Amino acid sequence: MDQLIMRWKNDGGVCNPLSLPEGVEIRRWTETESPLATWLDIVQYGLTEKKEDETFWRECNYHYPCYKPEDCAFFLYNGRPVATITVICDPEKKEGYIHMVAAKPEARWLGIGNLMALYAVHVCRERGMETAYLTTDDFRIPAIKTYLKGGFLPDTSTPEFAQRWKKIFSVLEDGAHNYSIVTDSYTHLTLPT
């Protein structure tokens with residue numbers, strides 16, 4: 001089964017600086033000591049079944065033509081790397097891709113997930129992207145809620161996606177009435193309640 005897609009469209013909003021909670025900082029790949037080991041340590045929590053190696057990292061990232069290690073950011077809490085996100089921007093298509101979002105268990109419930117979604121939008125705006133997308137799985141309900149809060153909308157451009165999203169919204173605490181969907185070419189519709 002294909003992963004679900006969520007899309008974001010730049011509304012031309014201002015690219016305000018991110019407000020970081022106390023104890024949280026963001027570092028790029030090049031600003032991080034042992035970035036590969038740090039990345040591999042974090043992604044084993046939720047994205048892989050075990051700690052992987054450099055080959056895995058290369059396979060995950062370098063098949064994207066616009067990927068650069070600097071696209072990866074680490075979120076630190078009290079000086080310790082606890083989460084990572086990669087925002088790959090294609091300047092020709094003006095499209096961003098949100099990739100390999102992961103957090104260690106100790107990062108959960110600190111608001112870092114919400115911050116990572118805002119960071120992705122911030123980077124896309126800062127780099128002049130018109131749109132961005134990410135992929136996720138049906139069972140990642142907390143992540144889906146975070147992406148929705150960050151402005152990413154469900155892509156229901158196929159009947160299969162539409163059915164799967166309908167099922168997901170039926171289990172969200174606040175129902176579907178607060179969200180929009182993307183049907184095709186970033187056409188936004190409000191989901192019925």
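The values are calculated or read from the model by the stated rules, or taken from the named source; none is laboratory data. Since the model is a prediction, treat every value here as computed from it, not as a measurement. Glycine gets a Cβ as well: all are built from the backbone with ideal geometry, and neighbour counts include every protein chain shown. In case anyone asks, the SASA skips ligands and DNA or RNA and just uses the protein heavy atoms, side chains included. Shrake-Rupley method; radii C 1.70, N 1.55, O 1.52, S 1.80 Å.
Test of understanding: in a Gaussian network model of the chain with alpha carbons linked when under 10 Å, which of 99, 122, 63 would top the mean-square fluctuation ranking?
63
Which of the three applies to the range 48-99, rounded, prolate or oblate, going by the alpha-carbon gyration tensor with a ≥ b ≥ c and a/c under 1.5 meaning rounded?
Details: a/c = 2.74, a/b = 1.35, b/c = 2.03.
Because a/c hits 1.5 or more and a/b fails to exceed b/c, the range 48-99 counts as oblate.
Ignoring trypsin sites (Lys or Arg not before Pro) that are buried or in helix or strand per DSSP, and keeping those with at most 13 other beta carbon atoms within 10 Å, what is the longest stretch of the chain between them?
Working: sites that count: 50, 51, 93.
In the chain, the maximal stretch lacking such sites is 94-193.
Identify the residues of the range 1-27 with backbone N under 13 Å of a label point that sits 7 angstrom from the Cα of residue 114 along the Cα-to-Cβ direction, or state none.
Flagged as within label range: 19-22.
In a GNM of the chain with a 10 Å cut-off on Cα contacts, which of 54, 25, 70 has the highest mean-square fluctuation?
Answer for the Gaussian network model of the chain: 54.
Leaving out ligands and nucleic acids, and using a 1.4 Å probe, what accessible area per residue does the chain come to in Å²? Provide the component values of the computation, followed by the final result.
Values: 10360 Å² over 193 residues.
For the chain, the per-residue accessible area is 54 Å².
Once label points are set 7 Å from the Cα along Cα→Cβ at both residue 171 and residue 149, what is their separation, rounded to one decimal in nm?
1.9
Helix 159-171 versus the longest principal axis of the chain: what angle, 0 to 90°, nearest 10, using Cα atoms?
The angle comes out at about 80 degrees.
With respect to the cross-link table entries 51/93; 68/167; 93/167; 50/166; 104/149; 51/145, which display a Cα-Cα separation exceeding 30 Å?
Details: 51/93 34 Å; 68/167 36 Å; 93/167 32 Å; 50/166 32 Å; 104/149 21 Å; 51/145 27 Å.
With Cα atoms farther than 30 Å apart: 51/93; 68/167; 93/167; 50/166.
Report, in debye and to the nearest 20, how large the dipole of the chain comes out about its Cα centre when Lys and Arg carry +1 and Asp and Glu carry -1 on their Cβ.
340
Report in % the part of the accessible area of the chain that belongs to carbon and sulfur, leaving out ligands and nucleic acids; probe 1.4 Å. Please report the intermediate quantities before stating the final value.
Numbers: 5290 of 10360 Å².
The nonpolar share, carbon plus sulfur, comes to 51 percent.
With the dipole of the chain worked out from charges on the C-beta (+1 for Lys and Arg, -1 for Asp and Glu) around the Cα centre, which of 124, 47, 17 lies farthest toward the positive end?
17
Considering only DSSP beta bridges with both partners in the range 10-138, what is the antiparallel share in %, to the nearest 5? List each step's numbers first, then the result.
Values: 18 of 22 bridges.
Expressed as a percentage, antiparallel bridges in the range 10-138 total about 80.
Sort out for me the Cα centre separation of the range 1-76 from the range 99-136, rounded to whole Å.
Each part reduced to its Cα centre gives a spacing of 8 Å.
Assign one of three labels to the range 26-73, namely rounded, prolate or oblate, based on the Cα gyration tensor with a ≥ b ≥ c the square roots of its eigenvalues; rounded applies when a/c is under 1.5, prolate when it is not and a/b is larger than b/c, and oblate otherwise.
Working: a/c = 1.91, a/b = 1.13, b/c = 1.69.
Oblate.
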